[in-house]
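Q: For reference, the structure I am asking about is given below.
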């Protein structure tokens, strides 16, 4: 994934924020209610929870959740197939990067008390670009294929819609991450461009990065 230094701002409407904090921002690739603070969804991409399986809940993440989040973040970072975080990223540095401050947010997905995945979201750019959001996602290796990414994706889309964002932009979806590309397309994202050879995959060599976008204004017209 592509990385950039960004400054994050606090509070208010996404188009009127100031005082951004400097930090590395990465975009992934990656139930809906009128209140996005907590959502419970079926466990599975097909919408049906496995018999006897606990419900999957998406809720805000706090500093106290970091010990449960770090193994997920560490596994994805060490794998090196979806992010350009340093392979030797420490827990302390990762916590600073992943736990968003307002106006952004970080959430986790859990089932039966087990944390299975996490996402962070907020403005894609400061200033006059703050009306478009972005997000990053990580799922525990043992939880992949269980609908965790879909639940997080649906939560992220609803979060942006409720706050008046005009769209969501994923800046760097690795071209070989077929599952993520398929998921984002199923949620309405489209590829608006591909940067050829922009990501060096340990398994596939130099591969492209997709810029994917979901229009939240056109869907209402």
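The values are calculated or read from the model by the stated rules, or taken from the named source; none is laboratory data. Source: prediction; values computed, not measured. Neighbour counts are summed over all protein chains in view; Cβ atoms, including those assigned to glycine, are modelled from backbone coordinates with ideal geometry.
Q: Restricting to the range 130-166, name every residue that is surrounded by fewer than 24 Cβ atoms within 10 Å (Cβ to Cβ), in a loop (DSSP other than H, G, I, E, B) and on the phi < 0 side of the Ramachandran plot.
A: The answer is 130, 131, 140, 144, 146, 163, 166.
Q: Moving on. On the given criteria, is residue 192 surrounded by 14 or more Cβ atoms within 10 Å (Cβ to Cβ) and either modelled with pLDDT under 95 or part of a strand (DSSP E or B) (or both)?
A: It is false that residue 192 is surrounded by 14 or more Cβ atoms within 10 Å (Cβ to Cβ) and either modelled with pLDDT under 95 or part of a strand (DSSP E or B) (or both).
Q: Out of 80, 127, I need the residue that is surrounded by fewer than 21 Cβ atoms within 10 Å (Cβ to Cβ) and under 23 Å from residue 179 (Cα atoms). Which one? If you could, list the steps in order and put the result at the bottom.
A: On the way: 127 fails: under 23 Å from residue 179 (Cα atoms).
Every option except 80 fails the conditions.
Q: Taking the range 71-94 as the search range and keeping residues that are over 15 Å from the mean Cα position of the chain (by Cα) and assigned to a helix (DSSP H, G or I), which one is farthest from residue 207 (Cα to Cα)?
A: From the range 71-94, those over 15 Å from the mean Cα position of the chain (by Cα) are 71, 74-75, 78-81, 86-93; that's our starting set.
Next cut, assigned to a helix (DSSP H, G or I) only: 71, 74-75, 78-79, 91-93.
On the way: 71: 27, 74: 23, 75: 21, 78: 18, 79: 16, 91: 28, 92: 30, 93: 27 Å.
Within the range 71-94, the match that is farthest from residue 207 (Cα to Cα) is 92.
Q: Residues 111, 119, 105: which one is surrounded by fewer than 23 Cβ atoms within 10 Å (Cβ to Cβ), closer than 18 Å to residue 140 by Cβ, modelled with pLDDT of 95 or more and in contact with a helix residue (DSSP H, G or I) (Cβ under 9 Å, 6 or more places away or on another chain)? Quick ask: steps written out before the conclusion?
A: On the way: 119 fails: surrounded by fewer than 23 Cβ atoms within 10 Å (Cβ to Cβ); 105 fails: closer than 18 Å to residue 140 by Cβ.
Answer to the selection: 111.
Q: Another question, if that's okay. Answer yes or no as to whether residue 43 is in contact with a strand residue (DSSP E or B) (Cβ under 7 Å, 6 or more places away or on another chain) and at pLDDT below 50.
A: yes
Q: Ok, one more. For the range 54-70, give me each residue that is more than 15 Å from the chain's Cα centre (by Cα) and in a loop (DSSP other than H, G, I, E, B).
A: 54, 55, 62
Q: Select, from 30, 94, the only residue that is modelled with pLDDT under 65 and closer than 25 Å to residue 177 by Cβ.
A: 30
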